[in-house]
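The values are calculated or read from the model by the stated rules, or taken from the named source; none is laboratory data. Computed from a predicted model, the values in this text were never measured in an experiment. Don't worry about glycine lacking a Cβ; one is built from the backbone with ideal geometry, like all the others, and counts go over all protein chains shown. Keep in mind that these areas ignore ligands, DNA and RNA; they rest on the heavy atoms of the full protein, side chains included. Shrake-Rupley method; radii C 1.70, N 1.55, O 1.52, S 1.80 Å.
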Amino acid sequence: KYELIALGVWDAKKDNVAEDNNDKLIVKGKEQTHFLDKKDIIMIERVDSATNIITVDGSYKTSTSLSDLEEKLTGNFMRCHKSYIINVDMISRTEPYGRWTYVVHFTGRKEDALLTAEKYEIIKKKFF
């Protein structure tokens with residue numbers, strides 16, 4: 001339904017765009033273009049051949065791969081599982097799910113993500 005057309009930090013001087021438009025994810029649909037603040041992205045999930053971008057304000061679908069998004073989303077974003085990228089600032093809690101996996105829950109959201117044991121250790125070191 002939506003197509004990702006640009007991602008990253010804009011060169012405000014080159015594009016004659018105000019500096020406060022940095023860090024936008026632009027998702028284009030058939031009739032609308034959405035400008036998403038990267039800080040508002042909670043998680044990104046790959047299901048079949050679609051990528052769902054979940055934000056504090058809603059969700060958006062694109063065909064862009066997680067690998068392409070992972071390259072552009074740095075800082076607080078982590079590829080925590082083969083099907084998920086999460087914003088670690090949005091985590092409310094984790095809980096074990098089997099022997100080598102955890103479930104990540106986000107503040108005020110019903111959506112959750114999977115986290116490998118290896119990535120859990122990285123997050124644990126960051127916060128403890």
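Summary table below
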| read-out | value |
| --- | --- |
| Pair residue 52, residue 118: separation of 7 Å Cα→Cβ label points (nm) | 2.6 |
| Residue 76-residue 110 FRET efficiency (beta carbon distance; Förster radius 22 Å; 0.05 resolution) | 0.55 |
| For the stretch 57-62, Karplus couplings with θ = phi - 60° (6.51, -1.76, 1.60), whole Hz, Gly/Pro x | 9, x, 10, 9, 9, 8 |
| Computed lengthening from residue 125 to residue 103, 0.36 nm per intervening residue step minus Cα-Cα distance | 6.2 nm |
| Karplus-derived 3J(HN,Hα), 6.51/-1.76/1.60, for each residue of the stretch 88-102, Hz, glycine and proline x | 5, 5, 9, 5, 9, 6, 10, 8, x, 9, x, 7, 10, 9, 10 |
| 62, 116, ranked by accessible area, largest first (probe 1.4 Å) | 116, 62 |
| Accessible-area ranking of 65, 59, largest first, probe 1.4 Å | 59, 65 |
| Dimensions in Å of the stretch 26-98 - Rg and Dmax from alpha carbons | 12.5, 43 |
| Residue 36 accessible area, 1.4 Å probe, all protein chains in place, Å² to nearest 10 | 10 |
